[in-house]
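The values are calculated or read from the model by the stated rules, or taken from the named source; none is laboratory data. All values derive from a computational prediction rather than experimental measurement. With ideal geometry, Cβ positions are generated from the backbone for all residues, glycine too; neighbour counts draw on all protein chains shown. Note: accessible area is taken over every heavy atom of the protein model, side chains too, but ligands, DNA and RNA are not part of it. Shrake-Rupley method; radii C 1.70, N 1.55, O 1.52, S 1.80 Å.
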Amino acid sequence: MHVKININGKLYEKDVEPRLLLAHFIRDVAGLTGTHIGCETSICGACTVLSNGLAVKSCTMFAVQADGADLVTIEGMAKDGQLHPLQESFWEEHGLQCGYCTPGMIMCSHQLLSRNESPSEAEIREALDGNLCRCTGYQNIVKAVQSAAGKLKRTTKVAAGD
Amino acid sequence: MIAQNFEYTVATSLAEAVNLLQKHGGRAKILAGGHSLIPMMKLRLATPEALIDIGRIPELSYVRQDGDMVCIGALATHHVVETSGVVMRHCQALADGAGLIGDIQVRNKGTIGGSIAHADPAADYPASILAFDATIVTLGPKGERLIPASKFFVDMLTTALEANEIVREIQIPVQSGKTGSAYLKMAQKASGFAICGAAAVVELDGSGAMAKVAIGITGVGNRAFRATEAEKALKGQKPTTDLLKRACEKASSGVIALEDIHASADYRLDLARIFARRAVEAAIERA
C-alpha cells in the first residue's frame, strides 16, 4: 500500500507492506534513527513519537495506520540549531547515561508538558510509566523534566509579554 | 517481531466494515486502536488474513450525555474516557479504570470498544461495565443489537459478539440519587494489567443505608463477574466497618480463579475480597 507520512515537516512516501511497523518506517524508510526500538512489545517506550500531537509507541502501530499523519520524532525537536528546552534540560541535569531510552523519554515528557505545564514529581513519574531506563537514571530524568517545565513556562510568559 | 502479512482496508463507515467482515467470512479482524490486536499479531497468536481499520471513521470517539444515558462511542480512547467530564460526573469508576490502563502512550491509542471486544480477562473496563449495568450497542448484518453487560462477557477473550458484529457504543445509565462509584486494582508491575480489579457503585438512601450496591470484579476469573453474594449482604444495610468486611468475604464465593506466575488462585480470590471492600468504601465516600 502506498503511504505518505509527514515527519518533522517533511513528506516521506513509499509502497509498503501493511505489516510494516511505523517504527521501521521511521528508521528504515525515512532514515531517522533517533527513534529507537527497545522491546518491540509496547512496554519500553523507546520508540515513542508524536502522531498528530499524541505520544504513541511506534512499534505498536502499522505504518499504514499513520498514512496522512503528522509525526514528530526526536529529530524534530531542535529548531534552527537550538535544542528544545527538554533536550537542553536532559543534558544539563544528566538525564541520560547510555541514551537509548532518551528519545522516548523526551517525546513522552513533551506530551506530559503539553497537557500539564507544572506537573508534580509524582505526576512526572506516572507520565513516564511507559518508558523504561535500563541505566535506572530516573532521578535525573525527573529532574530534567522539572527543569524543562520551568523553562517552558518562562518562555510562554515572555512570548505572552508578561 | 513482524506480523504475518495481511490485506489492509480502511473502512469509512461501520456499515462498510460489517460488509467487509462478511466478505472475509470470519478471517478478518477489526482494527481500532490496535493495542490488543497488534501485540498478538506480532507474537503470531493472531494471524488474520485481513485487517479492517475503523480507526479513521469520524464521529465514533464521542462521550455525551443523552437524557438518562451516558453514551460512549466505540473509538473513544482511554485518554478520552479518563478525562471526560461527563464520565467523571456520572461514572467515576469507569474514568478511574481508564486512567489506570497501561501508560500514556497506550491510553492515547487504545479504545474502549476495542478493549471490551477483546475481552482480556485482566482488562480494567469489564468490572465497571458490569457494575454499572451498561448496555453494549453493536452493529451487524441484521442491524443494531443491544446486549446487556451481564450477557456480553462470555469467557476468556470471548464475548457475545457475532463474527460479523462490531461494537458501536457503550451506554451507561445515569445513576440516580446519592450515588458514588470507584474502581481500584492491584496491577501486575510490568504490564499494568489487573491481577485483581474491583468496581463498586453504591447508592445511599436518606437514612444512609445502601439502597443499591453493585460490585464488578476483573482479573480474577476467566471473565469479569458480579460479586452478587456480597451485594446481597450489603443491600439495605448501613455501612459499618464490620458489615463491609463480613459481606465482602463473599465477593469471590463460587469463583474459579486463574493462576499464573504473578498470583496463585487463592491469592486472587483473597484480593477480590479485599478490593471489593475497598472499592465499596471508596464509592460510599464519593456518594
Check: Considering B:A93, B:A15, which residue is surrounded by fewer than 17 Cβ atoms within 10 Å (Cβ to Cβ), of a type in the set (G, A, S) and part of a helix (DSSP H, G or I)?
Finding: B:A15
Checklist line | Contacts under 6 angstrom Cβ, first residue in the stretch B:180-201 being open to solvent by less than 20 Å² (accessible area, probe 1.4 Å), partner in a strand (DSSP E or B) and of a type in the set (V, I, T), 6 or more apart | finding: B:G180/B:V202; B:S181/B:V201; B:A194/B:T218; B:G197/B:T218; B:A198/B:I217; B:A200/B:I215
Notebook entry, point to check: Does the stretch B:164-176 contain any residue that is over 25 Å from B:A76 (Cβ atoms), open to solvent by less than 60 Å² (accessible area, probe 1.4 Å) and touching a residue at least 60 places away in the same chain (Cβ under 8 Å)?
Noted result: no
Notebook entry, point to check: Within the stretch A:42-139, which helices (runs of 4 or more DSSP H) (wholly inside it) include 3 or more residues that are within 14 Å of another protein chain (Cβ to nearest Cβ)?
Noted result: A:102-115, A:121-127
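Restricting attention to the stretch A:12-32, which residues are closer than 20 Å to A:L132 by Cβ and either open to solvent by 40 Å² or more (accessible area, probe 1.4 Å) or assigned to a loop (DSSP other than H, G, I, E, B) (or both)? Explain how you work it out, then say what you get.
Of all residues in the stretch A:12-32, those closer than 20 Å to A:L132 by Cβ come to A:21-23, A:26-27.
Once the filter is applied, which keeps residues that are closer than 20 Å to A:L132 by Cβ and either open to solvent by 40 Å² or more (accessible area, probe 1.4 Å) or assigned to a loop (DSSP other than H, G, I, E, B) (or both), the stretch A:12-32 yields only A:R27.
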Next item on the list: Among the residues of the stretch B:26-46, count how many are more than 8 Å from chain A (Cβ to nearest Cβ) and in contact (Cβ under 8 Å) with a residue 60 or more places away in the chain.
Entry: 6
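Would you confirm, using the coordinates I've provided, whether B:Y8 is open to solvent by 20 Å² or more (accessible area, probe 1.4 Å), away from chain A (no Cβ under 12 Å), on the phi < 0 side of the Ramachandran plot and without any contact (Cβ under 8 Å) to a residue 60 or more places away in the chain? Even if it seems obvious, please write down each step before you answer.
On the way: open to solvent by 20 Å² or more (accessible area, probe 1.4 Å): yes; away from chain A (no Cβ under 12 Å): no; on the phi < 0 side of the Ramachandran plot: yes; without any contact (Cβ under 8 Å) to a residue 60 or more places away in the chain: yes.
Criteria not met by B:Y8.
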Checklist line | Answer from A:T41, A:T35, A:T48 - the residue that is touching a Pro at 6+ places or on another chain (Cβ under 7 Å), of a type outside the set (D, E, K, R) and crowded, with 23+ Cβ neighbours inside 10 Å | finding: A:T35
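For the stretch B:62-92, enumerate the residues that are within 18 Å of B:G34 (Cα to Cα) and either of a type in the set (V, I, T) or away from every other protein chain (no Cβ under 11 Å) (or both). First the steps, then the outcome.
Start the filter on the stretch B:62-92 by keeping residues that are within 18 Å of B:G34 (Cα to Cα), which leaves B:73-81.
Hits for the stretch B:62-92 are B:G73, B:A74, B:L75, B:A76, B:T77, B:H78, B:V80, B:V81.
Can you go through B:E16, B:E49, B:E59 and tell me which one is away from every other protein chain (no Cβ under 11 Å), touching a strand residue (DSSP E or B) at 6+ places or on another chain (Cβ under 9 Å) and modelled with pLDDT under 95?
Values: B:E16 fails: modelled with pLDDT under 95; B:E49 fails: modelled with pLDDT under 95.
Among B:E16, B:E49, B:E59, only B:E59 is away from every other protein chain (no Cβ under 11 Å), touching a strand residue (DSSP E or B) at 6+ places or on another chain (Cβ under 9 Å) and modelled with pLDDT under 95.
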